[in-house]
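Quick notes on the structure that follows.
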Amino acid sequence: MRNGRDVIVVGAGTVGSSAAYHLAKSGVNVTLVEQTHPAGGLSGKSSALLHAFYLMPELSQLSNRGLLRAAVRANAAGE
């Protein structure tokens, strides 16, 4: 990790592919790995937590606060 912006995403299903796409779009070096082939598994099992964000608004609020804190730290570090 030369600049702290290298990420490995495990799983090329709906969730992993989306995460890899958005990270790459924001300038992160992304390596996407999959056991079989893209979209070859069940994203439903791994995306259940994402569904919980719709059912429990406090989880979304907590996540947003975490993202805000990460942005503040990155800004303070000059990134």
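The values are calculated or read from the model by the stated rules, or taken from the named source; none is laboratory data. Computed from a predicted structure; not experimentally measured. All Cβ positions, even for glycine, are placed from backbone atoms using ideal geometry, and neighbour counts span all protein chains on display. Side chains included, ligands, DNA and RNA excluded: accessible areas come from the protein's heavy atoms. Shrake-Rupley method; radii C 1.70, N 1.55, O 1.52, S 1.80 Å.
Annotations for the structure displayed:
- Hits in region 43-66 - residues which are under 16 Å from the mean Cα position of the chain (by Cα) and modelled with pLDDT of 80 or more: 62, 65, 66
- Tally of residues being modelled with pLDDT of 80 or more, touching a Gly at 6+ places or on another chain (Cβ under 9 Å) and open to solvent by 50 Å² or more (accessible area, probe 1.4 Å) across region 1-13: 1
- In region 14-30, the residues that are more than 20 Å from residue 74 (Cα to Cα) form Cβ pairs under 6 Å with partners that are part of a helix (DSSP H, G or I), at six or more places apart or across chains, as follows: 14/43; 15/43; 15/46.
- Residues of region 28-42 satisfying the condition of being surrounded by 10 or more Cβ atoms within 10 Å (Cβ to Cβ), at pLDDT 80 or above and assigned to a loop (DSSP other than H, G, I, E, B): 28, 34
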